[in-house]
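Okay, structure first, notes after.
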Amino acid sequence: MFSFTAIDFETAHMYFPCSLGVARVEDNKITEVRNWLIKPICYPYFHYYAQKIHGIHKEDVANEPTFDMIWNEIKPYLDGTMLLAHNASFDINVLRKTLKYYRLSKPDSKYMCTYVLSRDVWKESKKFSLDYLCNLEHIELNHHHSDSDAAACAELFLKEAEYLNVTDFTQLKSLTHRRYNRV
């Protein structure tokens with residue numbers, strides 16, 4: 001059985017988060033989905049294209065806490081667990097850069113990418129984006145809303161594990177020969 005946390009960041013610009021979504025999975029069931037709006041490091045600047053993608057504007061986060069102010073609330077979701085993200089290199093870099101900026105300790109966790117894994121599962125697919133695969137697998141998604149993206153990522157991973165006929169991360173690693181990186 002799988003237990004992990006799926007994460008998704010939306011950013012105001014580059015690696016400056018304005019939203020974080022997490023979906024906690026225990027024994028193959030989503031047990032909790034959370035979302036935080038975050039006043040980004042670059043506030044009040046928001047890149048036009050970022051706003052167009054996720055619809056979060058500076059007015060939406062004006063009275064929200066900065067990442068360091070909510071880290072103690074977020075960290076238990078990320079510490080001591082496997083983290084999953086669709087395009088994990090982006091989300092983990094956002095996390096790393098934000099932690100470094102605020103001089104916060106990294107969580108003790110490993111991570112893997114559901115995008116990379118999807119290439120092993122749907123080999124013939126034309127696309128591997130979260131929205132495309134969720135549509136293919138009939139997974140509900142309100143794309144670019146971090147809580148919905150995190151929950152969809154969690155559900156997508158459980159589908160990937162089912163298709164690969166694996167029941168834990170040890171089997172998955174053995175079958176795919178993928179290594180798990182540390183945050």
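No value in this document is a laboratory result; all are computed from the given coordinates. Just so it is clear, the model here is predicted, and its values are computed rather than measured. Note: ideal-geometry Cβ built from the backbone for every residue, glycine included; neighbour counts use all protein chains shown.
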message: Amide H of N87 versus every other amide H placed in the peptide plane: which residues, excluding those fewer than 5 positions away on the same chain, fall under 5 Å?
response: T114, Y115, V116
- line: To the nearest 0.05, the calculated FRET efficiency linking H143 and E59 through their beta-carbon distance, R0 being 22 Å, is 0.50
- prompt: Taking θ as phi - 60°, what are the ³J(HN,Hα) couplings along the stretch 28-34 by the Karplus curve (6.51, -1.76, 1.60), each to the nearest whole Hz, with x for Gly and Pro?
  reply: 6, 10, 5, 9, 7, 10, 10
task: Using 0.36 nm per residue of separation minus the Cα-Cα distance, give me the extension gain between R103 and Y45 in nm, one decimal.
output: 18.7 nm
task: Give the residues of the stretch 67-93 whose amide nitrogen is closer than 18 Å to a point set 7 Å from the Cα of T31 in the direction of its Cβ.
output: 73-84
query: In the neighborhood of L104, defined by Cβ-to-Cβ distances under 9 Å, what is the net charge if each Lys or Arg adds +1 and each Asp or Glu adds -1?
result: +3
Environment charge at T176 (Cβ cut-off 11 Å; Lys +1, Arg +1, Asp -1, Glu -1): +2
- line: With the label point 7 Å along the Cα-to-beta-carbon line of S129 and a cut-off under 12 Å to each amide N, the hits in the stretch 35-65 are 53
- request: Calculate one ³J(HN,Hα) per residue across the stretch 6-11 by plugging θ = phi - 60° into the Karplus curve 6.51 cos²θ - 1.76 cosθ + 1.60, and present them in order as whole Hz with x for glycine and proline.
  value: 8, 10, 8, 9, 10, 10
task: Starting at the first residue of the stretch 59-70, write each ³J(HN,Hα) from the Karplus equation 6.51 cos²θ - 1.76 cosθ + 1.60 with θ = phi - 60°, in whole Hz, x for Gly and Pro.
output: 5, 5, 10, 3, 9, 8, x, 7, 4, 4, 6, 10
statement: Evaluated at 10 °C and 1.306 mPa s, the Stokes-Einstein D of the chain based on the Kirkwood radius over Cα pairs, in µm²/s, stands at 96 µm²/s
